[in-house]
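S.K.: After the structure tokens below, expect a handful of questions from me.
The values are calculated or read from the model by the stated rules, or taken from the named source; none is laboratory data. Computed from a prediction, not measured in an experiment: that's the story for all the values here. Reconstructed Cβ throughout: ideal geometry from the backbone, glycine too, with neighbour counts over all protein chains shown. The accessibility values were calculated without ligands, DNA or RNA, using every heavy atom of the protein model including side chains. Shrake-Rupley method; radii C 1.70, N 1.55, O 1.52, S 1.80 Å.
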Amino acid sequence: MTGTRTSATARAVTAGAVMLAWVALLWVLEGVDVATGNSLDSYGVSPREPAELADIVPAAFLHSGWEHVASNSVPLLVLGFIAALGGTARFAAVVLVVIVTSGLGVWLTAPPNTVTLGASGVVFGLLGYLLVRGFVDRSPLDIVVGVVVAAVYGSLLWGVLPTDSGISWQGHLFGLVGGVAAAFLFRRPRRPQEPRGYVTV
């Protein structure tokens with residue numbers, strides 16, 4: 001029992017440290033962007049330009065202003081912390097799939113002459129991942145976690161609809177798809193069932 005509690009505490013500390021460092025990095029990068037006349041915004045994704053494929057990853061860490069980074073920080077911190085409790089290696093793999101899926105979706109479908117950047121694709125990806133992870137892994141605890149996440153953050157799903165021309169619904173939608181796909185790609189192996197014993201009479 002003590003060992004289990006120690007392990008859980010260690011995972012929570014690690015998950016918290018990872019997410020606090022990540023969110024802090026987003027704020028630092030925005031500070032650098034502002035101080036350099038928005039020079040980092042050029043690393044956002046412009047659609048259907050081959051050279052822009054290299055910006056898919058950095059675009060997920062950049063924002064278009066303090067209000068933008070602030071709006072993503074809390075849901076990223078909360079959803080990322082919950083997802084990272086399952087292990088940082090699995091979490092990193094999930095995030096990579098989400099970033100690539102969201103970025104490619106933006107690159108393929110965003111309107112011409114636009115630049116897309118921000119962590120909201122990751123937020124939607126983590127949301128999708130947490131909503132389905134419990135069912136994919138057949139984990140009652142993670143199903144409960146998914147239900148709670150849906151109750152708190154389910155309204156974010158409206159963000160996949162094209163309701164605002166200034167918001168990348170494409171990044172949201174493909175991020176969500178990436179998160180669901182990651183839940184299947186990195187599902188935990190099922191334990192082999194114990195052979196049934198038979199009693200003769």
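S.K.: Counting alpha carbon pairs within less than 8 Å and at least 6 residues apart, what relative contact order, in whole percent, applies to the chain?
M.R.: Value for the chain: 23 percent.
S.K.: Just how many % of Cα pairs in segment 1-117 lie over 20 Å apart, if you round to the nearest whole percent? The partial results should precede the final answer.
M.R.: Details: 3411 of 6786 pairs.
Counting pairs separated by more than 20 Å, the tail of P(r) holds 50 percent.
S.K.: Can you give me the % of accessible surface on the chain that is carbon or sulfur? Probe 1.4 Å, all protein chains present, nothing else counted.
M.R.: On the way: 7690 of 11310 Å².
Here it works out to 68 percent.
S.K.: So, for segment 42-97, what is the accessible surface per residue at a probe of 1.4 Å, expressed in square angstrom?
M.R.: Heavy-atom accessible area per residue stands at 44 Å².
S.K.: A further question follows. Against the longest alpha carbon principal axis of the chain, how many degrees, from 0 to 90 and to the nearest 10, is the axis of helix 66-84 turned?
M.R.: Taking Cα atoms only, the helix is inclined about 20 degrees.
S.K.: By per-residue mean of other Cβ atoms within 10 Å, what is the highest-first order of 62-68, 97-103, 150-156? Present the calculation step by step, with values, prior to reporting the outcome.
M.R.: Values: 62-68: 16.7, 97-103: 24.4, 150-156: 13.4.
Answer by packing, highest mean first, reads 97-103, 62-68, 150-156.
S.K.: Right, next: With the Cα gyration tensor of segment 27-80 giving a ≥ b ≥ c as the square roots of its eigenvalues, does the rule (a/c under 1.5 for rounded; else a/b larger than b/c for prolate; else oblate) give rounded, prolate or oblate?
M.R.: Taking the square roots of the gyration eigenvalues as a ≥ b ≥ c, segment 27-80 is oblate.
S.K.: Can you give the charge dipole size of the chain about its Cα centre, rounded to the nearest 20 debye, using +1 on the beta carbon of Lys and Arg and -1 on the beta carbon of Asp and Glu?
M.R.: In debye, rounded to 20, the chain gives about 1220.
S.K.: Select from Ala93, Ala15, Ala181 the residue whose mean-square fluctuation is largest in a Gaussian network model of the chain (Cα-Cα springs shorter than 10 Å).
M.R.: Highest fluctuation among the options: Ala93.
S.K.: Per residue, how much accessible surface does segment 112-157 expose to a 1.4 Å probe? Answer in Å², no decimals.
M.R.: Heavy-atom SASA per residue in segment 112-157 reads 45 Å².
S.K.: Okay, moving on. Taking a label point 7 Å from the Cα of Ala24 along the Cα→Cβ vector, which residues of segment 68-104 have an amide N closer than 17 Å to it?
M.R.: In segment 68-104, the label zone of Ala24 (backbone N under 17 Å from the point 7 Å along Cα→Cβ) covers 73-74, 77-78, 81.
S.K.: If you take the alpha carbon radius of gyration of the chain and divide it by 2.2 N^0.38 Å, what ratio comes out, to two decimals?
M.R.: 1.16
S.K.: Could you work out the relative contact order of segment 119-197, using alpha carbon pairs under 8 angstrom and six or more residues apart, expressed as a whole percent?
M.R.: Dividing the mean separation by the residue count of segment 119-197 yields 44 percent.
S.K.: With runs of 4+ DSSP H residues as the only contributors, calculate the mean residue ellipticity of the chain at 222 nm using -39,500 (n - 2.57) per run, divided by the residue total and rounded to the nearest 500.
M.R.: Calculated mean residue ellipticity at 222 nm is -21500 deg cm²/dmol.
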